[in-house]
1. Between residue 95 and residue 131, what is the spin-label point distance in nm, taking each point 7 Å from the Cα along the Cα→C-beta axis?
2. Provide the packing ranking of 83-90, 64-71, 118-125, i.e. peptides ordered by the mean count of other C-beta atoms within 10 Å per residue, highest first.
3. Mean separation of Cα pairs under 8 Å and 6+ residues apart, divided by the residue count of the range 47-161: what relative contact order is that in percent?
4. Exposure proxy check: 33, 77 ranked by fewest other beta carbons within 10 Å?
5. Please give the contour-minus-distance gain from residue 108 to residue 88: 0.36 nm per residue of separation, less the Cα-Cα distance, rounded to one decimal in nm.
6. Between residue 51 and residue 67, 0.36 nm times their residue separation minus their Cα-Cα distance comes to what?
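What follows draws every value from the coordinates through simple rules; no lab data is involved. Fair warning: this is a prediction, and the values are worked out from it, not measured in the lab. In this analysis, Cβ positions are derived from the backbone assuming ideal geometry, glycine residues included, and neighbour counts consider all displayed protein chains.
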């Protein structure tokens with residue numbers, strides 16, 4: 001089929017590179033970050049950034065960020081659904097989670113507040129790690145909850161029975 005060996009080799013290399021880029025989360029940045037899911041789970045998880053980027057992504061469009069300080073903001077977010085992550089961890093019935101950020105900040109969030117929540121990797125189509133490095137690389141976004149209850153730089157989610 002290929003008459004010139006170099007051309008065939010370049011075609012195979014290009015297709016291989018395209019496959020690798022597609023498989024790596026569509027151009028997701030390389031980030032050293034891990035999200036830990038523990039507590040009332042059957043399978044505790046440690047999900048690295050690359051794994052989160054490869055999971056099916058949910059788009060939340062025009063979400064009102066009700067802030068306790070400063071002006072409210074409307075933004076769009078993308079990332080894997082928290083419910084899907086919880087399925088992987090074998091989360092059953094639970095009352096709340098304790099979400100902990102890299103700086104040690106922790107907050108208890110009820111199950112009702114987590115409806116439709118995602119682990120956001122993108123804000124307004126830009127990777128959070130590049131667009132807002134001081135608030136990334138990932139963020140817990142709960143669209144039905146005021147933004148002061150969201151957690152940026154989230155590292156741990158403990159599921160409480």
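1. Taking the two extended label points, one gets 3.7 nm.
2. Final packing ranking: 118-125, 83-90, 64-71.
3. Result for the range 47-161 is 28 percent.
4. Sorted ascending by nearby Cβ count, the order is 33, 77.
5. 5.1 nm
6. 2.8 nm
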